[in-house]
Amino acid sequence: MNNWLALLSGVVIVVLFSYERFNRTTDEAGQQLYRLVSLLSPDKLRSRRVVLNAYLFYAATFLLIYLFLCAYAELIPALGGPDLAIGASKLPPLSVPPTDLSGGYKTIETAGTLIETIFKQQLSSSANEDPRSFSIDVDSATSFGVALMIVGLAPSFPVLQRFEAWMRGAAHRLAGIPTRVLDIRDDLRGETLSLPLAENDTIPADTLLIPYLDWERMLHYRKVTNDKRLVSEDFHDDIALIFAVSDWIIDRKLKLSNQKEREEFKKLEEDLGSRKRSLVEALDDETDFQKARQLNGRPVDASLLDPDAPPGKRPMGWDQLAEDADNLADDMRILLAVFIEQEIIVAERIQGTHGALAAQRGLARAKLEGYLKEHLSDPAGPARSGSYTVTSGVWASCVILLITLIWSIFPGSFESRLQMGFYSDPYLRALNYIATAFAAYCVPLASALALRDGWKQSKRWRNMCIADWTVVLPQAAAVFLTAWGLATIFLLGAALWHTGVTRGWDQNAENVWSTLRYSVTYNAPTPVRGAVLALGLVFLLDAWRAPRWRSCLTRRFNLTIALGAALVLGFVGGLTRWLSCWAGALQAAVPRERLDGIDHGLIVYATLYSAVLGFFVILCVSEVLHNQRRRPWLEHSEKG
């Protein structure tokens with residue numbers, strides 16, 4: 001039992017301490033955000049929900065690596081790591097004898113059989129037996145050592161470090177870190193924040209909360225640089241953006257949302273404000289702004305006069321000033337992109353304005369939202385609907401596990417008796433079925449949704465309900481193969497562990513290829529059901545985002561597609577069970593030339609189970625999407 005506690009403690013260590021490593025900046029971010037990277041960690045570049053999803057993907061991957069290295073700790077020295085002492089020489093007695101020379105078990109699924117085998121060993125033990133007889137054959141030193149190496153609290157080895165860096169970069173790309181912010185920045189580069197500069201060197205009547213002194217500077221800079229070929233119109237656009245964002249956002253003249261989240265960026269705002277003041281001071285020196293104010297009979301800003309300034313401080317030259325203005329304007333765009341991502345800047349409905357200050361605030365807000373355009377989220381409108389990926393994934397997984405638990409209670413008892421010849425323990429049977437459902441359905445589902453979200457973040461995903469079939473076919477094939485492949489790898493790892501626990505790790509090493517061969521032919525067809533269901537959910541999510549489909553998406557349509565999913569998944573479930581039965585028949589100790597009545601019964605059970613699962617998963621998810629789609633409109637109509 002101590003070994004179990006150590007293994008679970010290692011899982012807790014990996015989950016709790018891996019977030020610090022996940023939140024490190026990738027090389028890509030370091031190159032593209034080199035001016036701000038010290039102030040912006042990855043969790044500040046996307047919303048908390050998106051970052052959490054990426055971290056769960058990252059942590060789940062390293063949990064699998066942790067379990068693998070615990071099981072095969074003897075591989076660590078071969079990979080360049082330390083030699084951890086493991087107790088693999090004292091193997092547990094075989095409480096479940098193998099039924100097949102090829103190393104496989106003809107049970108419902110290998111992943112569930114592993115859990116059932118381990119629990120049977122513990123439940124059948126007595127107090128007089130050696131405690132190691134009930135162990136998972138991974139001692140506590142190995143569990144803690146591997147966990148600490150993974151999270152970086154103990155010396156790691158180069159292969160693991162390189163894989164961690166690659167996995168962290170993959171998780172960041174999945175969440176759009178930093179590509180989402182950079183994409184918004186790039187889009188804003190193509191837009192111009194045009195301020196209403198008046199003619200004849202006069203300040204416009206609508207100042208948009210920008211101080212008169214800043215208006216004077218913008219007009220003066222434009223007048224002084226009219227005859228300078230090195231200064232383009234982009235320079236003046238950058239200056240206008242710098243003054244506007246500094247006055248509206250950094251000086252907090254516009255009221256923004258989510259003030260608690262905004263406080264995390266206070267240092268970034270202060271840094272940008274300091275750089276803006278330095279740039280203005282350099283521009284004033286280069287253009288003799290203060291002398292021009294004196295000639296016009298206007299008061300001089302004494303705070304910007306520094307008679308004791310060192311000679312090297314000025315002049316800087318227009319090349320350097322234009323470059324500094326471009327960099328600062330670029331970082332101002334990044335600040336806007338980050339505030340959009342964190343929902344600090346959201347679209348607001350302009351209410352009736354009372355007073356000159358309120359009117360100018362409304363005009364400034366309209367000017368800012370016009371510049372940011374479609375990047376803003378409207379809390380009262382349907383554009384805030386998002387992809388519903390997380391909601392759909394959670395609902396689908398919960399429905400899968402609930403239906404599986406219910407199925408294991410009644411139909412599962414007859415199915416297990418048909419397969420094994422006796423009624424199994426209901427608790428072990430429930431664990432068996434749930435582990436099988438997780439491996440065969442939840443893993444493909446999570447893989448497909450993660451792939452779709454990752455491609456959407458990188459703007460490579462095409463809606464499969466409106467795209468041409470030449471685009472849909474390879475995209476669907478990529479989703480299907482990824483979902484099926486990852487689930488199959490998961491099952492193969494469970495098969496190797498299962499054989500090692502029940503037959504001994506030495507014999508498992510000798511028969512690894514026969515074990516893999518049997519497991520691939522017997523278990524690989526099963527995740528096809530989960531991959532087909534995941535592909536159906538991807539099509540359903542795309543349908544809810546396709547404008548021409550919205551009129552068809554009614555509750556009657558939800559019931560229709562649920563029935564269709566039941567037929568398709570039922571057929572796939574029966575077909576994959578038929579393939580597994582043939583694999584078991586051909587690779588048995590005494591090969592059979594045809595399927596028997598037991599095989600036919602298992603095919604029927606698999607067909608019914610898959611059909612029921614497909615019906616309820618698609619029905620529940622489509623109803624959730626229908627409710628999510630209607631809710632913003634209902635709330636808006638009630639407020640109206």
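The values are calculated or read from the model by the stated rules, or taken from the named source; none is laboratory data. The structure displayed is predicted, hence computed values, not measured ones. Virtual Cβ from ideal backbone geometry, glycine too; neighbours counted across all protein chains shown. Heavy atoms of the whole protein, side chains included, go into the accessibility calculation; ligands, DNA and RNA do not. Shrake-Rupley method; radii C 1.70, N 1.55, O 1.52, S 1.80 Å.
Here are some notes:
- Going through (1) at pLDDT below 90; (2) surrounded by fewer than 17 Cβ atoms within 10 Å (Cβ to Cβ) one by one, LEU563 falls short only on (1).
- Screening SER408, SER397, SER392 for residues that are farther than 17 Å from ALA606 by Cβ and either surrounded by 21 or more Cβ atoms within 10 Å (Cβ to Cβ) or among the charged types (D, E, K, R) (or both) leaves exactly one candidate, SER392.
- Among all positions in region 449-469, there is no residue which is out of contact with any Pro (no Cβ under 7 Å at 6 or more places or on another chain), open to solvent by 10 Å² or more (accessible area, probe 1.4 Å) and modelled with pLDDT of 90 or more.
- Residue in region 270-284 that is farthest from SER41 (Cα to Cα), counting only those that are in contact (Cβ under 8 Å) with a residue 60 or more places away in the chain and crowded, with 19+ Cβ neighbours inside 10 Å: ASP284
- Here the condition is being closer than 27 Å to PRO158 by Cβ, at pLDDT below 80 and buried (at least 16 other Cβ atoms within 10 Å of the Cβ); of ALA73, ALA111, ALA85, ALA59, it holds for ALA73 alone.
- Considering region 587-603, the residues that are touching a residue at least 40 places away in the same chain (Cβ under 8 Å) and over 14 Å from GLU415 (Cβ atoms) include one that is surrounded by the most Cβ atoms within 10 Å (Cβ to Cβ), namely GLN587.
- In region 361-380, the residues that are open to solvent by less than 30 Å² (accessible area, probe 1.4 Å) and modelled with pLDDT of 75 or more: GLY362, ALA364, ARG365, LEU368, TYR371, LEU372, HIS375, LEU376
- Region 146-157, subset in contact (Cβ under 8 Å) with a residue 12 or more places away in the chain and open to solvent by 20 Å² or more (accessible area, probe 1.4 Å), residue farthest from the chain's Cα centre (by Cα): PRO155
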